[in-house]
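Participant: First the structure, which I've put down as structure tokens, then a few questions once you've had a look.
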Amino acid sequence: MHFDVIIAGCGPTGAMLAAELRLHDVRVLVLEKETEPPSFVRIVGLHIRSIELMAMRGLLERILERGRRRPAGAYFAAIDKPAPEGLDSPYAYLLGIPQPVIVRVLEDHAVELGAQVRHGRAVVGFAQDDDGVTVELADGERLRSRYLVGCDGGRSTVRKLLGVGFPGEPSRNETLMGEIAVGAPQDEIAAKVSELRETDRRFSLAPAGVGVYRVVVPAAGVSDRAAPPTLEDFRRQLRAVAGTDFGVHSPRWLSRFGDATRLAERYRVGRVLLAGDAAHIHPPIGGQGLNLGVQDAVNLGWKLAAQVRGWAPETLLDTYHAERHPVAEDVLDNTRAQMELLSAEPGPRAVRRLLTELMDFEEVNRHLVEKITAIGIRYDFGAGPDLLGRRLPDIDLKEGRLYGLLRRGRGLLLDRTGRLSVGGWSDRVDHLADPTAALDAPCVLLRPDGHVAWIGDDQRDLDDHLSRWFGRPVDRSQV
Ligand SMILES: Cc1cc2nc3c(=O)[nH]c(=O)nc-3n(C[C@H](O)[C@H](O)[C@H](O)COP(=O)(O)OP(=O)(O)OC[C@H]3O[C@@H](n4cnc5c(N)ncnc54)[C@H](O)[C@@H]3O)c2cc1C
């Protein structure tokens, strides 16, 4: 067995997962079908929770220097309301950064940590047995590992071969998007865009360099969804929607996307798991897909590592599905709602006006912003205070910022009483006694993904929860 885990696909999800596994010395191989990164740019940006995860793994500076900070609000159905004051994070902004740049940062990080990444290697088959998975590549090579994770995107080969259902709705609305040189004068474009945006929210032309615009326009009558769009498709659609093709020429790249909405029925079958777009697809409105995939990876990484290293409690790996499937379900639902709100029909337009009014209530606006940015997620860890199951923001501690202490992907006991201990779990869980920690609780136990796994001040209760999340303690007398 050469590898502990093989990951199919080196997009943002696969690259992040590889890095998370390497934090625990898991032998990881990432197989990526393509030899070159995609030329098209698919992303609006990283939302708050993903920026927090970058900070938690020491990647904040790398991404900040490659991105542009924008306000955190106005992403729900593009309703133009600023985010409420006092969002509970030091990273309360959107970071505009192209997807290929994020992938490069994450892949470099994974490789620096010791992951192997092989490009131009497509997974075409696999077979699992009691001990592991045999993975077959397009060139006929067979590789063996203990686990396989399909991070191979919306058309996932791994998911299809696994036979996992992918129920939902097929694409109803196709959209063309590209970066194209434009011949028409700037003020003419601006006037037309503001006129049309009143009625058609799926149309936009935004500057993307000197004389070049990012063009988004509904695509009607796509017959062959596999065939790439042409400049002529853009000209035809622009004339149909705007009455002019703005003299578009010399495209940098052209792409097309749909609004299919689907969710895998299971995220795990035996030794094979799914993450990112392989597990869920939805329209890009609100810019959540990449964020969701990266967050899947951080949820799964330490659990799969625990399984490989042999200390995982029996049900730990299955909590990946239990926690992340409902999160994806919620994202799918919010994108369905947002798509309705983009419609030019009188009914949805009236609902949009009503919601716009409601967002003047701070709690409504906050709820939607926390949903899109994923800082509102609360996993169901059973009954307990509201903080249980939520992520802790990057609070100040006597030793610096909290997230600085989570870089190694270990658990952390934040102990304001100074009298608790992580005992036989100290090889997996750090302990910080800090009476100054700005917490509404005496002590919290954080999982490696930064979510609160326990709150309290009783050692026996803590030990039960350490066992629940981190398995059996090491008996030092036996070592
Ligand atoms: C127009 C548009 C705008 C978007 N904007 C945003 C945004 O602002 N914010 C956001 O969060 N999300 C956005 N998204 C969604 C985001 O692009 C995806 O959710 C994200 O790419 C998912 O990452 P992934 O790693 O799971 O899958 P992918 O990025 O699809 O990566 C899968 C990888 O697997 C490889 N692969 C496929 N098959 C195989 C195989 N058999 N063997 C080996 N490798 C294989 C592929 O080559 C690819 O590199 C947008 C999407 C679109 C279409």
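A quick yes/no check of all residues on (1) more than 18 Å from the chain's Cα centre (by Cα); (2) more than 30 Å from Arg349 (Cα to Cα):
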{"site": "Ala110", "(1), (2)": "no, yes"}
{"site": "Ala115", "(1), (2)": "yes, yes"}
{"site": "Arg155", "(1), (2)": "no, yes"}
{"site": "Leu161", "(1), (2)": "yes, yes"}
{"site": "Pro167", "(1), (2)": "yes, no"}
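Participant: Kindly list the number of the only condition in (1) assigned to a helix (DSSP H, G or I); (2) within 18 Å of Val298 (Cα to Cα) that fails for Glu363.
Facilitator: (2)
Participant: While we're here: Of the residues that sit in the range 148-158 and are surrounded by 22 or more Cβ atoms within 10 Å (Cβ to Cβ) and not small (Gly, Ala, Ser), which one is nearest to the ligand (Cβ to nearest atom)? Break it down stepwise before answering.
Facilitator: Here is the first cut: in the range 148-158, the ones surrounded by 22 or more Cβ atoms within 10 Å (Cβ to Cβ) are 148-152, 156, 158.
Add one more test, that the residue is not small (Gly, Ala, Ser), and what stays is 148-149, 151-152, 158.
Numbers: Leu148: 11, Val149: 11, Cys151: 5, Asp152: 4, Val158: 7 Å.
Residue satisfying both the conditions and the ranking: Asp152.
Participant: Among the residues of the range 115-132, is any open to solvent by less than 20 Å² (accessible area, probe 1.4 Å) and away from the ligand (no atom under 15 Å from the Cβ)?
Facilitator: Within the range 115-132 (the criterion being open to solvent by less than 20 Å² (accessible area, probe 1.4 Å) and away from the ligand (no atom under 15 Å from the Cβ)), the answer is yes, since at least one residue qualifies.
Participant: Against the condition in contact (Cβ under 8 Å) with a residue 60 or more places away in the chain and under 22 Å from the mean Cα position of the chain (by Cα), how does Gly150 come out, does it pass?
Facilitator: Working: in contact (Cβ under 8 Å) with a residue 60 or more places away in the chain: yes; under 22 Å from the mean Cα position of the chain (by Cα): yes.
Judged against the criteria, Gly150 is a match.
Participant: Next question, about the same structure. Tell me which residues, restricted to the range 342-358, are loosely packed, with under 15 Cβ neighbours inside 10 Å and hydroxyl-bearing (Ser, Thr, Tyr).
Facilitator: Thr356
Participant: On to the next question. Taking into account only those residues within the range 284-341 that are among the aliphatic types (A, V, I, L, M), open to solvent by 10 Å² or more (accessible area, probe 1.4 Å) and modelled with pLDDT of 95 or more, which is farthest from Arg468 (Cα to Cα)?
Facilitator: Ala337
Participant: Scan the range 332-351 and report the pairs whose first residue is under 16 Å from Asn173 (Cβ atoms) and whose second residue is modelled with pLDDT of 95 or more and of a type in the set (Ser, Thr, Tyr), with Cβ atoms within less than 7 Å and a gap of 6+ or a chain change.
Facilitator: Leu332/Thr261; Thr335/Thr261; Arg336/Thr261
Participant: Starting from the range 6-24, keep only residues that are of a type in the set (S, T, N, Q), then list their pairs with residues that are part of a loop (DSSP other than H, G, I, E, B) whose Cβ atoms are within a distance under 7 Å, requiring at least 6 positions of separation or different chains.
Facilitator: So the pair list comes out as Thr13/Cys151; Thr13/Ala275.
Participant: How many residues does the range 260-310 hold that are more than 10 Å from the ligand (Cβ to nearest atom), farther than 23 Å from Phe126 by Cα and either among the aromatic types (Phe, Trp, Tyr) or assigned to a loop (DSSP other than H, G, I, E, B) (or both)?
Facilitator: Of the residues in that region, 3 qualify.
Participant: Do the conditions hold for Trp253, that is, is it open to solvent by less than 30 Å² (accessible area, probe 1.4 Å), touching a helix residue (DSSP H, G or I) at 6+ places or on another chain (Cβ under 7 Å) and over 21 Å from Ser171 (Cα atoms)?
Facilitator: Considered against the rule, which asks whether it is open to solvent by less than 30 Å² (accessible area, probe 1.4 Å), touching a helix residue (DSSP H, G or I) at 6+ places or on another chain (Cβ under 7 Å) and over 21 Å from Ser171 (Cα atoms), Trp253 comes out as no.
Participant: Here's a follow-up. Which residues, taken from the range 290-312, are within 16 Å of the chain's Cα centre (by Cα) and free of Cβ contacts under 8 Å to residues at least 60 places away in the same chain?
Facilitator: Answer for the range 290-312, where residues must be within 16 Å of the chain's Cα centre (by Cα) and free of Cβ contacts under 8 Å to residues at least 60 places away in the same chain: there is none.
Participant: Is it the case, given these coordinates, that Glu195 is within 27 Å of Asp259 (Cα to Cα), touching a residue at least 60 places away in the same chain (Cβ under 8 Å) and either among the β-branched types (Val, Ile, Thr) or out of contact with any helix residue (DSSP H, G or I) (no Cβ under 7 Å at 6 or more places or on another chain) (or both)? Lay out the reasoning, then the answer.
Facilitator: Working: within 27 Å of Asp259 (Cα to Cα): yes; touching a residue at least 60 places away in the same chain (Cβ under 8 Å): no; either among the β-branched types (Val, Ile, Thr) or out of contact with any helix residue (DSSP H, G or I) (no Cβ under 7 Å at 6 or more places or on another chain) (or both): yes.
Answer is no for this residue.
Participant: Residue by residue through the range 175-203, note down the ones that are within 16 Å of the ligand (Cβ to nearest atom) and open to solvent by 30 Å² or more (accessible area, probe 1.4 Å).
Facilitator: So in the range 175-203, the residues within 16 Å of the ligand (Cβ to nearest atom) come out as 175-180, 201-203.
Answer for the range 175-203, where residues must be within 16 Å of the ligand (Cβ to nearest atom) and open to solvent by 30 Å² or more (accessible area, probe 1.4 Å): Arg201, Arg202.
Participant: Still on this structure: Give me the residue from the range 412-438 that is open to solvent by 10 Å² or more (accessible area, probe 1.4 Å) and under 27 Å from the mean Cα position of the chain (by Cα) and, out of that set, nearest to Glu399 (Cα to Cα).
Facilitator: My answer is Asp430.
Participant: Kindly establish whether Met16 is within 10 Å of the ligand (Cβ to nearest atom) and closer than 20 Å to Arg407 by Cβ.
Facilitator: Details: within 10 Å of the ligand (Cβ to nearest atom): yes; closer than 20 Å to Arg407 by Cβ: yes.
Spelling it out, Met16 is indeed within 10 Å of the ligand (Cβ to nearest atom) and closer than 20 Å to Arg407 by Cβ.
Participant: Next question, about the same structure. Taking only the range 258-275 into account, find how many residues are touching a Lys or Arg at 6+ places or on another chain (Cβ under 7 Å) and either surrounded by fewer than 21 Cβ atoms within 10 Å (Cβ to Cβ) or over 21 Å from Asp130 (Cβ atoms) (or both). Step through it out loud before you land on a result.
Facilitator: Keep residues of the range 258-275 that are touching a Lys or Arg at 6+ places or on another chain (Cβ under 7 Å), which gives 259, 261, 264, 267, 271, 274.
Retained after the next criterion (residues that are either surrounded by fewer than 21 Cβ atoms within 10 Å (Cβ to Cβ) or over 21 Å from Asp130 (Cβ atoms) (or both)): 259, 261, 264, 271.
Summing the residues that are touching a Lys or Arg at 6+ places or on another chain (Cβ under 7 Å) and either surrounded by fewer than 21 Cβ atoms within 10 Å (Cβ to Cβ) or over 21 Å from Asp130 (Cβ atoms) (or both) in the range 258-275 gives 4.
Participant: Given the criteria crowded, with 20+ Cβ neighbours inside 10 Å and away from the ligand (no atom under 16 Å from the Cβ), does Val248 qualify? Give the derivation first.
Facilitator: Values: crowded, with 20+ Cβ neighbours inside 10 Å: yes; away from the ligand (no atom under 16 Å from the Cβ): yes.
Yes: the conditions hold for Val248.
Participant: Can you name every residue in the range 93-113 that is open to solvent by 40 Å² or more (accessible area, probe 1.4 Å) and either among the polar types (S, T, N, Q) or assigned to a loop (DSSP other than H, G, I, E, B) (or both)?
Facilitator: Within the range 93-113, Pro98, Leu113 meet the criteria.
Participant: Just to be sure, is Ser145 in contact (Cβ under 8 Å) with a residue 12 or more places away in the chain, within 11 Å of the ligand (Cβ to nearest atom), open to solvent by less than 20 Å² (accessible area, probe 1.4 Å) and under 26 Å from Val294 (Cβ atoms)?
Facilitator: Details: in contact (Cβ under 8 Å) with a residue 12 or more places away in the chain: yes; within 11 Å of the ligand (Cβ to nearest atom): no; open to solvent by less than 20 Å² (accessible area, probe 1.4 Å): yes; under 26 Å from Val294 (Cβ atoms): yes.
The answer is no for Ser145.
Participant: Which number in (1) surrounded by fewer than 20 Cβ atoms within 10 Å (Cβ to Cβ); (2) within 8 Å of the ligand (Cβ to nearest atom) marks the one condition that Pro167 misses?
Facilitator: Of everything listed in (1) surrounded by fewer than 20 Cβ atoms within 10 Å (Cβ to Cβ); (2) within 8 Å of the ligand (Cβ to nearest atom), Pro167 misses just condition (2).
The values are calculated or read from the model by the stated rules, or taken from the named source; none is laboratory data. All of these numbers come straight from a predicted model, not from anything done at the bench. Methodologically, a virtual Cβ is constructed for each residue, glycine included, from the backbone with ideal geometry; neighbour enumeration extends over all protein chains shown. In case anyone asks, the SASA skips ligands and DNA or RNA and just uses the protein heavy atoms, side chains included. Shrake-Rupley method; radii C 1.70, N 1.55, O 1.52, S 1.80 Å.
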